[in-house]
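Data first, discussion second: the structure below is written as structure tokens.
The values are calculated or read from the model by the stated rules, or taken from the named source; none is laboratory data. Remember, predicted model here, so these are calculated numbers, not experimental data. Cβ placement follows ideal geometry from the backbone for every residue including glycine, while neighbour counts extend to all protein chains displayed. These area figures cover heavy atoms from the full protein model, side chains too; ligands, DNA and RNA do not enter into them. Shrake-Rupley method; radii C 1.70, N 1.55, O 1.52, S 1.80 Å.
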Amino acid sequence: MKTMVLNQYGEQSVFEPAEVDKPSAQPGQVIVRVAATSINTVDTMIRQMGKDLPLSPDLPAVLGMDFAGTIETVGEGVTGFAPGDEVYGCAGGLADLQGALAEFMPADARLIAHKPKSLSMREAAALPLVGITAFEGLQRAGAKAGRNVLVHGGTGGVGHLAVQLAKHFGANVYSTATGAKAFSITEGYDATPIDYMTESVADYVEAYTSGAGFDVVFDTVGGANMTNSFEAAALNGHVTTTVAMVELDLTTAHFKGLSIHVVFMLIPMLHNHHREAHGNILEQLAQIVDQGAVKPLLDEQSFSLPEVGQAHDRLTSGQAVGKVVVEV
């Protein structure tokens with residue numbers, strides 16, 4: 001089968017075409033004919049950092065975590081799936097798991113679900129990693145009807161889904177953004193945009209919560225912005241973050257009694273730990289999507305499998321609006 005592989009990591013790394021043996025389904029697995037895969041920040045980190053990241057696969061590496069496609073074969077013990085089923089998931093591209101930058105991909109059946117019927121393969125491939133992250137983060141923080149939820153980075157990959165899901169769960173949703181395009185996207189999700197370039201945390205906390213703070217703050221930005229999240233949170237509030245690799249003074253969090261939730265959605269894949277939880281979330285996401293409550297935001301540029309290097313460049317340039325997708 002055709003693949004695009006990395007033969008080295010680092011600044012000089014390039015994706016190269018290669019022919020490899022088509023995988024066969026092991027017990028508990030399905031083989032998927034890949035239709036599309038989306039690029040996530042972690043994919044670009046693996047490419048650049050290589051073995052400095054403990055989750056990077058051995059070379060030559062077939063990356064690509066997210067996918068949408070059609071089941072070719074089903075392994076022993078798999079129930080609920082059959083050849084011809086259209087599925088989506090996040091099931092490879094790290095450690096010893098082959099990724100989606102290939103014609104065919106083996107996937108643990110616990111990590112996949114039937115794709116949303118209302119989405120194209122390209123759209124469905126944009127959802128799994130960011131959708132699971134947004135769903136898990138909101139659930140752990142108790143986002144529900146009547147809660148005030150602030151999403152930092154609400155037009156980003158995880159952020160735009162966190163905004164829509166929080167709205168679906170009945171919360172009052174606010175999102176930091178800047179620029180007319182980002183404001184328009186946020187308002188299109190029936191959320192209130194907050195210009196972080198012109199409004200201080202104290203100002204928007206006062207304006208939108210009468211100074212009480214937000215019940216849930218979902219921080220997809222991280223770094224120094226975590227201190228803004230602590231400042232914006234209500235007493236005994238919840239802060240969810242997807243980027244906690246930072247040293248922080250937790251004094252504010254202590255005196256506010258905040259609960260901090262760190263979401264690292266790769267744990268089930270890396271450690272074979274409760275993988276069925278991801279399949280369950282994907283099933284729920286598909287239902288929510290088909291109800292019309294959530295729609296993935298895709299970047300305007302399209303890429304084919306041989307153009308995966310350009311797709312990586314598009315994401316790292318910071319110019320992409322929405323998920324960058326490669327069609328296989």
From ALA145, ALA207, residue being outside any helix (DSSP H, G or I), open to solvent by 10 Å² or more (accessible area, probe 1.4 Å), out of contact with any strand residue (DSSP E or B) (no Cβ under 6 Å at 6 or more places or on another chain) and at pLDDT 95 or above
ALA145
Set GLY156, GLY137, GLY170: member being closer than 17 Å to ALA233 by Cα and not aliphatic (A, V, I, L, M)
GLY137
Residue ID - most open to solvent (accessible area, probe 1.4 Å), chosen from residues in segment 302-326 that are in contact with an Asp or Glu (Cβ under 6 Å, 6 or more places away or on another chain) and closer than 18 Å to MET45 by Cβ:
ALA320
Please find, within segment 44-73, the residue that is nearest to the chain's Cα centre (by Cα) out of those that are buried (at least 19 other Cβ atoms within 10 Å of the Cβ) and hydrophobic (A, V, I, L, M, F, W, C).
MET65
Considering only segment 172-191, state which residues are open to solvent by less than 50 Å² (accessible area, probe 1.4 Å) and touching a helix residue (DSSP H, G or I) at 6+ places or on another chain (Cβ under 8 Å).
VAL173, TYR174, SER175, ALA177, ILE185, THR186, TYR189, ALA191
Residues of segment 105-136 being surrounded by fewer than 22 Cβ atoms within 10 Å (Cβ to Cβ) and over 19 Å from the mean Cα position of the chain (by Cα), in sequence order, are PRO106, LYS117, SER118
Here is a list: LEU285, LEU270. Which entry is open to solvent by less than 40 Å² (accessible area, probe 1.4 Å), out of contact with any Asp or Glu (no Cβ under 9 Å at 6 or more places or on another chain) and either in a helix (DSSP H, G or I) or touching a residue at least 40 places away in the same chain (Cβ under 8 Å) (or both)?
LEU285
